[in-house]
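Since the structure comes first, as structure tokens, the remarks are kept for the end.
The values are calculated or read from the model by the stated rules, or taken from the named source; none is laboratory data. Bear in mind that the values here come from a model prediction, so they are computed numbers and not experimental data. Positions of Cβ are generated from backbone atoms using ideal geometry, with glycine treated the same way; all protein chains shown enter the neighbour counts.
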């Protein structure tokens with residue numbers, strides 16, 4: 001029970017840090033293009049009007065950070081015993097970043113709008129549905145591989161634990177979004193994408 005509680009808290013903490021790194025990834029991809037950009041808890045903000053292509057490239061930076069964190073953790077976790085401190089940390093990174101892709105995919109399906117996923121797919125002339133399906137399949141495959149690789153127990157109790165962990169992850173992310181909306185969002189300018197789409201509209 002103590003291990004589960006520690007793992008739960010670690011996944012939440014890693015989830016918050018990964019979200020910040022995700023937004024930093026967006027900013028880096030804007031900076032590479034010579035576009036000034038800032039970030040808050042859950043959003044990135046180009047500070048000047050940009051094109052749809054520039055926006056798509058900037059959008060790509062966030063998911064790349066999540067992918068790098070997952071791949072890097074999978075590479076490093078192989079060297080450690082199951083449930084050791086480092087194994088637990090790398091597992092938390094894998095779970096938190098996988099949760100992020102599942103969360104974003106669910107939101108995209110619910111809103112019928114892909115947000116950053118759609119902007120990325122538009123670079124290839126596609127809509128967001130292929131990316132959503134790909135993210136969901138890959139995320140579930142990563143979780144299945146993690147369970148299989150380390151021969152983790154599969155029981156109703158374990159499934160319920162990870163489901164509740166995902167719900168808690170969503171709750172923390174929603175809290176971060178509310179803080180962001182109330183205290184940070186309006187501090188950044190509203191900009192135009194191709195002089196058509198508005199990014200970060202104020203109330």
Quiz item: Are any of the residues in region 76-89 without any contact (Cβ under 8 Å) to a residue 12 or more places away in the chain, within 11 Å of the chain's Cα centre (by Cα) and under 30 Å from residue 153 (Cβ atoms)?
Solution: no
Quiz item: If residue 166 passes every condition in (1) assigned to a helix (DSSP H, G or I); (2) at pLDDT 90 or above; (3) over 17 Å from residue 18 (Cβ atoms) but one, which one does it miss?
Solution: (3)
Quiz item: Somewhere in region 40-51, is a residue closer than 25 Å to residue 179 by Cα, at pLDDT below 90 and not in a loop (DSSP other than H, G, I, E, B)?
Solution: no
Quiz item: Restricting to region 188-202, what's the tally of residues that are farther than 18 Å from residue 56 by Cα and exposed (fewer than 11 other Cβ atoms within 10 Å of the Cβ)?
Solution: 2
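Based on this model, can you work out whether residue 67 counts as modelled with pLDDT of 90 or more, surrounded by 16 or more Cβ atoms within 10 Å (Cβ to Cβ) and either touching a helix residue (DSSP H, G or I) at 6+ places or on another chain (Cβ under 9 Å) or farther than 18 Å from residue 200 by Cβ (or both)?
Against the criterion (modelled with pLDDT of 90 or more, surrounded by 16 or more Cβ atoms within 10 Å (Cβ to Cβ) and either touching a helix residue (DSSP H, G or I) at 6+ places or on another chain (Cβ under 9 Å) or farther than 18 Å from residue 200 by Cβ (or both)), residue 67 does not qualify.
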